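The values are calculated or read from the model by the stated rules, or taken from the named source; none is laboratory data. If you're wondering where the values come from, they're calculated on a predicted model, not measured in any experiment. Every residue, glycine as well, gets a Cβ built from its backbone with ideal geometry; the counts of neighbours run over all protein chains shown. Each accessible area value is taken on the protein alone, full model and side chains, heavy atoms only, with ligands, DNA and RNA left out. Shrake-Rupley method; radii C 1.70, N 1.55, O 1.52, S 1.80 Å.
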Amino acid sequence: LNLTQFPANLSTEIQVLMMNENNLQTLNREEFTTLGLINLQKIFLKKSNIKYLHRETFKNLKILVELDLSENLIEQLDKQTFSGNDRLRILLLYGNPIKRLIADQFPVLPYLRSIDLHSCEIASIDETSFSNVDLLELLDLKQNQLQNLPSNVFTHMKNLKTLLLDENPWNCDCKLKNFRNWYVKN
């Protein structure tokens, strides 16, 4: 439909919102709660030309379990963007030009199990980027611009079952050795 904003007449009972391939560009503060959409469990906004997310876009969406923001134009995420979305389990951010993940990039998300960040042009990941998502089971970082990683970036993740790192331009030098040893061992 090439929508530039969310329709104002959406039912407050909606639990799954699929608005892929629109032209939203900006997600404002409390975008969904302002429309009375507090019952949202899944939001799909893939390929919607989103460039900017307010840090409180998803505020008060307490039962949100899945969020797809893939293949948009998001360059950075505030570290509080998903704060309060405690039940979030699946986060799809792939295909955004994010470039770097900062310290404590994600707030405490006790149920988050899967983050997909493949093809995001990520060249830098802080050693504490994932420190608040201990129970993560799947992390996809393939097809980025990673040349190196801090050796302890994933060591706290005891439930991590799938870590995808292929198709990055790794710089195989001594700086990568500790991470490589951890990766092979685990």
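Quick look at the values:
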{"read-out": "Relative contact order of the chain, defined on C-alpha pairs under 8 angstrom at six or more residues apart (%)", "value": "13 percent"}
{"read-out": "The chain: antiparallel DSSP beta bridges as a percent of all, rounded to 5", "value": "0 percent"}
{"read-out": "Fraction of accessible area attributable to carbon and sulfur, the chain (%, probe 1.4 Å)", "value": "46 percent"}
{"read-out": "Accessible solvent surface per residue of the chain, calculated while the other protein chains remain in place, 1.4 angstrom probe, Å²", "value": "52 Å²"}
{"read-out": "The chain - Rg and Dmax from Cα coordinates, angstrom", "value": "16.9, 58"}
{"read-out": "Centroid-to-centroid separation of the stretch 1-75 and the stretch 166-186 [C-alpha atoms, Å]", "value": "37 Å"}
{"read-out": "Per-residue ³J(HN,Hα) for the stretch 168-179, Karplus 6.51 cos²θ - 1.76 cosθ + 1.60, θ = phi - 60°, Hz, x for Gly and Pro", "value": "10, x, 4, 9, 7, 10, 5, 5, 8, 4, 4, 5"}
{"read-out": "Spatially close lysines, pair count over the stretch 77-182: Cα under 20 Å, gap of eight or more or interchain", "value": "5"}
{"read-out": "Convex hull of the stretch 143-186 built on C-alpha atoms - directionally averaged projected area, nm²", "value": "3.1 nm²"}
{"read-out": "Ordering of 170-178, 134-142, 65-73 by packing [mean C-beta count within 10 Å, highest first]", "value": "65-73, 134-142, 170-178"}
{"read-out": "Residue-span extension gain [Val16 to Trp182] - 0.36 nm each, minus C-alpha spacing", "value": "55.8 nm"}
{"read-out": "Amide H contacts of Glu167 (H built 1.01 Å from N, under 5 Å, at least 5 apart or other chain)", "value": "Gln143"}
